[in-house]
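First up is the structure itself, then whatever we jot down about it.
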Amino acid sequence: MAAFITQESIDEVLNRADIVQIVGEYVPLTQRGSNFFGCCPFHNEKTPSFCVAADKRFYHCFGCGASGTTLNFVMEMEKLSFPAAVEFLAKKVGVQLNYVDSGRENQREDPNEKLKGELVDLYNRTASLFHYMLVQTEAGKFALDYITNRGLTRETIEKFKIGYSPADRFWLKSFLLKKNFSTEFLDKSGLFSRKHPDMAFFSDRLMFPIFDRKGDCVAMGGRFLRGDPQKSPKYLNSGDLIQYKKGSTLYAFNFAKQAIREKRSVIFCEGYMDCIAYHQCGICNAVAPLGTSLTDEQIAIVKPFVDTILLSFDSDGAGQKATVRAINMCRSHGITVKVISLSGGKDPAEIMINFGPETLTNDVSSAILDSDYLLSKLQELYPKTNPEGKMKACMDFFSYLDVLQSDVQREACLEQLCQTFEIDLEAARRDYSNREGLSRRISRNAVAGQNVSGEQEKIRLTSELRAVLTSLTDDPQYFQKMRQEISADDLDDPHARELFAIMGECLDGGNFSVGSVLNRIGSDGLRNLAIQSIEEYSSHVEESVNDSIVLVKRNILDKKSRNILMEIKRLERSSLQEDRTRIKDLLAQKIELDRQIALLKG
């Protein structure tokens with residue numbers, strides 16, 4: 001049963017919370033008599049009309065009419081629910097909340113919430129420990145020298161609590177056990193190897209604590225510094241934990257949120273160092289995704305506070321691809337997008353060292369609209385003197401037009417495309433209206449041409465590839481349903497995985513259609529199979545998708561069952577008691593898997 005915060009606790013939070021102090025963290029206030037005034041954070045204004053009445057614990061804007069209590073203000077500024085806002089304020093003012101459940105008052109004992117709090121405490125302590133190892137020990141000196149040579153000041157290192165994880169992978173577990181943390185708790189903390197729970201997950205790495213929006217450390221990232229780079233990834237990042245979901249967290253958002261509100265813009269950049277470089281240069285509205293491509297959840301975090309998103313990804317091929325994908329995703333949320341072109345360096349950290357903060361600031365100020373960026377890249381790819389080049393440029397740009405939410409803007413961008421590539425506007429409008437059919441004809445022609453030359457890649461239509469193809473329609477609900485049940489990692493066929501990933505990118509980018517998927521498929525053989533499948537499954541899509549999901553799930557279970565059987569046969573050669581016990585556990589798992597397989601077979 002749900003637990004509710006008691007009214008007495010809410011009253012205590014409101015009594016202790018100083019509305020002037022709370023609002024002042026977001027809005028510069030000036031006292032006039034008994035009241036305080038500032039520019040309203042809820043609408044754009046130059047003359048302050050936002051009033052905070054300290055004695056009444058109330059705010060009111062004479063410009064837009066916004067008004068409310070301290071809790072209303074926090075709910076609006078942080079985009080929190082009422083209970084979450086109470087908890088946010090309670091932590092800030094030091095109130096221990098009480099909860100009521102079935103009419104009985106008690107401290108909330110939700111096991112998940114209790115574990116989450118304990119893990120946050122552990123990560124805060126570990127971040128402080130790693131920071132100490134970096135700045136105060138001889139073992140961390142080489143890492144401190146590295147980060148200092150990259151241009152970071154001691155103040156920045158302190159602010160972001162950058163640290164160093166010792167090379168001895170057994171040291172951390174031993175140290176924390178001495179601090180009275182239990183083995184069971186540490187084993188599920190994410191700080192240690194799953195296969196070898198006494199060994200630290202991070203070792204001999206430069207450490208970047210990952211903070212939530214309140215400033216608590218909830219996860220970590222570690223950068224490789226020395227040794228064989230072929231044997232170790234450049235970055236290791238915490239996986240999803242009860243207190244941390246990487247796809248819905250932004251690095252440095254806790255430091256950036258005030259600047260984001262003030263500027264009404266945010267910079268999405270490549271990683272930890274780029275983000276930190278921006279902040280050190282005084283550009284404090286920079287954040288970074290965490291070891292993943294930009295997600296809709298991460299865009300949703302900043303959407304309430306911004307009018308514009310600026311993209312600052314690397315200038316290499318991968319960075320440009322990430323930029324195009326991010327443009328489509330952000331535009332699908334109705335947000336204006338600009339692209340930062342970095343001068344004189346590959347990334348912000350290099351510019352900071354070689355040219356100074358002024359150059360980076362100028363680059364941000366000179367950011368160009370996404371449509372200009374895309375058209376400049378298309379001019380590099382396709383010659384406008386060539387009819388084939390004009391046609392391909394149009395097809396690429398059409399996917400951008402698809403995610404624009406304004407008809408006026410879409411028409412203006414189409415005109416811009418035509419001016420850039422010297423295309424007749426009416427012809428471009430006709431092709432855009434028939435873009436999916438055009439895409440299919442282009443694909444068929446390309447396949448036919450390769451068949452003549454005998455160079456088309458031969459792709460075997462496996463059961464997994466057929467399963468994914470069943471969900472390729474203009475209606476995204478079928479692929480959404482499939483993705484809820486299975487993931488790309490569940491598929492063994494590389495072509496099935498590739499198609500699944502492409503369809504996922506189109507869905508996340510808000511432009512899912514047969515045409516947009518076909519445009520992204522690089523293999524002509526795979527594209528040809530996709531075209532053929534569209535007609536094959538069009539009359540019974542729902543049934544085909546349902547059958548395909550069952551087939552893939554059954555294959556997954558079959559594979560697990562076979563692996564367990566192989567492990568049982570291996571252990572049967574052992575005489576150790578622990579191996580005999582393990583066999584019993586594996587047999588129980590196999591029986592359960594076989595039961596699930598039988599249910600799927602019906």
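Some notes on this structure:
- When we screen Thr137, Thr126 for residues that are within 26 Å of the chain's Cα centre (by Cα) and either open to solvent by 10 Å² or more (accessible area, probe 1.4 Å) or under 30 Å from His279 (Cα atoms) (or both), the only hit is Thr126.
- Candidate set: the range 560-569, residues that are in contact (Cβ under 8 Å) with a residue 12 or more places away in the chain and of a type outside the set (Val, Ile, Thr); chosen: the one surrounded by the most Cβ atoms within 10 Å (Cβ to Cβ): Ser561
- Whichever residue in the range 245-284 is more than 21 Å from Lys338 (Cα to Cα) and modelled with pLDDT under 90 and, among such residues, is most open to solvent (accessible area, probe 1.4 Å): Lys245
- Number of positions in the range 377-397 that are over 18 Å from Lys338 (Cβ atoms), in a helix (DSSP H, G or I), without any contact (Cβ under 8 Å) to a residue 40 or more places away in the chain and not basic (Lys, Arg): 7
- Whether a residue is of a type in the set (S, T, N, Q) and surrounded by fewer than 22 Cβ atoms within 10 Å (Cβ to Cβ) was assessed, and Ser312 does not pass this test.
- Per-region count, the range 19-48, residues within 21 Å of Ala85 (Cα to Cα), in contact with a helix residue (DSSP H, G or I) (Cβ under 8 Å, 6 or more places away or on another chain) and not aromatic (Phe, Trp, Tyr): 5
- Wholly within the range 154-202, helices (runs of 4 or more DSSP H) carrying at least 1 residues that are of a type in the set (Val, Ile, Thr), closer than 22 Å to Gly140 by Cα and touching a helix residue (DSSP H, G or I) at 6+ places or on another chain (Cβ under 6 Å): 154-159
- Conditions (1) touching a Leu at 6+ places or on another chain (Cβ under 8 Å); (2) loosely packed, with under 15 Cβ neighbours inside 10 Å; (3) at pLDDT below 90: number failed by Ser443: (2)
- If you go through the range 364-395 and pick out every residue that is open to solvent by less than 60 Å² (accessible area, probe 1.4 Å) and over 30 Å from Cys275 (Cα atoms), you end up with 7.
- Look at (1) over 19 Å from the mean Cα position of the chain (by Cα); (2) at pLDDT below 90 and you find that Pro304 fails only one, number (1).
- Restricting the range 486-526 to residues that are assigned to a helix (DSSP H, G or I) and of a type in the set (Asp, Glu) leaves a set whose member that is modelled with the highest pLDDT is Glu498.
- Counting only strands (runs of 3 or more DSSP E) that fall entirely inside the range 1-95 and contain at least 3 residues that are of a type outside the set (Ser, Thr, Tyr) and surrounded by 14 or more Cβ atoms within 10 Å (Cβ to Cβ), the qualifying elements are 35-38, 50-53, 58-61.
The values are calculated or read from the model by the stated rules, or taken from the named source; none is laboratory data. The structure displayed is predicted, hence computed values, not measured ones. FYI the Cβ positions are ideal-geometry reconstructions off the backbone, even for glycines, and counts take in every protein chain you see. These area figures cover heavy atoms from the full protein model, side chains too; ligands, DNA and RNA do not enter into them. Shrake-Rupley method; radii C 1.70, N 1.55, O 1.52, S 1.80 Å.
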